[in-house]
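S.K.: Once you've had a glance at the structure underneath, I'll fire off some questions.
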Amino acid sequence: MKCKSCGCEIPNSSNFCPKCGIKIASVCNCWVIGEPYNCGQDECLGRRLNVLLEEESSFEEGHISRRETLMQNIKQQGVVPFIALIASIIVFICSFFKP
């Protein structure tokens, strides 16, 4: 089954589209309260929890990709400029602590 709003492929047992969050079923089989529930799109506990989980997942994916990009940049430019930068920062900080 495809979402009428965004075209995402949706499992038949879904109550909401996993991509855009639009309500698919009029009476949801709520996985939070464990029984059929005639929910509204903004009121449904299951939908709100699902949206939060999706946001957390996309945040983690973005965080990982930024870390991978940083590591690729370090590998491409070499370790020497990175070590030189760290050494410069240490020398700068130590210059404030001369007796």
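The values are calculated or read from the model by the stated rules, or taken from the named source; none is laboratory data. A quick note: this is a predicted structure, and the numbers were derived from the prediction, not measured. Glycine gets a Cβ as well: all are built from the backbone with ideal geometry, and neighbour counts include every protein chain shown.
S.K.: Within region 1-13, track down each residue that is more than 21 Å from the chain's Cα centre (by Cα) and surrounded by 13 or more Cβ atoms within 10 Å (Cβ to Cβ).
M.R.: 3, 5
S.K.: Another question about this same structure. Tell me which residues, restricted to region 14-38, are hydroxyl-bearing (Ser, Thr, Tyr) and modelled with pLDDT of 75 or more.
M.R.: First pass over region 14-38, keeping only residues hydroxyl-bearing (Ser, Thr, Tyr): 14, 26, 37.
Scanning region 14-38 gives a single hit, 14.
S.K.: Only residues in region 17-30 that are farther than 11 Å from residue 7 by Cβ count as the first member; pair them with residues that are among the hydrophobic types (A, V, I, L, M, F, W, C) and at pLDDT below 70, Cβ under 6 angstrom, at least 6 apart or cross-chain, and list the lot.
M.R.: Matching pairs, first to second residue: 21/51; 28/39.
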